[in-house]
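Below: one structure, written as structure tokens.
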Amino acid sequence: MSAPTTYRQPVSRLWWTKKWTYFLFMMREFTCVFVAWSVVFLLMLVYAVGRGEASYRQFLDWASSPVVVVVNVVALAFLVLHTVTWFALTPQAAVVRAGGRQVVRTRMVHVGGRILPAATVIRVGGRVPAAIVIALQYVGLAVVSAFIAWLVIR
């Protein structure tokens, strides 16, 4: 006898276009392509700079072609989407507490006819609101970006 099979309703390949949240999820997953492109582009730039001025000029000529400029503008848009959605997800993935300290209480309990010490750990300090966590990430991004810009411009 063969094992019973269950009916699985077919799912459209465009299931993610039915709801805005699904669409946003898929676009966020798709941003990995443009993150990879940005890394490759920057590595090519570093390689060209390392090979000398002629190689650097050749890279700049290639990078200023309309196709590469359009790809980089689209990549920038997807990188902004990636950053915004990543920062919005952080408070759900990491619980940040402020003013945290641990209070340990010890008491004696009866276990199997024996008296043993038991410790209870209590965390004091509240959870930082999600909006503050997100805002601090943007502040950190601005500080790091300003520092990199200062290094490049000086």
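Structure notes:
- Karplus-based coupling profile of the stretch 87-95, in residue order and whole Hz: 5, 5, 7, 4, x, 7, 8, 10, 8, with θ = phi - 60° in 6.51 cos²θ - 1.76 cosθ + 1.60 and x standing for Gly or Pro.
- Rough spin-label spacing in nm, given labels placed 7 Å along Cα→Cβ, for Leu45 and Val143: 2.4
- In nm, spacing of pseudo-spin labels at Lys19 and Val96 (7 Å Cα→C-beta vector): 2.8
- Charged-residue dipole, Cβ positions (Lys, Arg, Asp, Glu), the stretch 15-85 about Cα centre, Debye nearest 20: 260
- Label point distance in nm, Leu79-Ala54, each placed 7 Å from Cα along Cα→Cβ: 3.0
Laboratory data are not the source of any read-out in this text; all were calculated from the coordinates shown. Remember, predicted model here, so these are calculated numbers, not experimental data. Methodologically, a virtual Cβ is constructed for each residue, glycine included, from the backbone with ideal geometry; neighbour enumeration extends over all protein chains shown.
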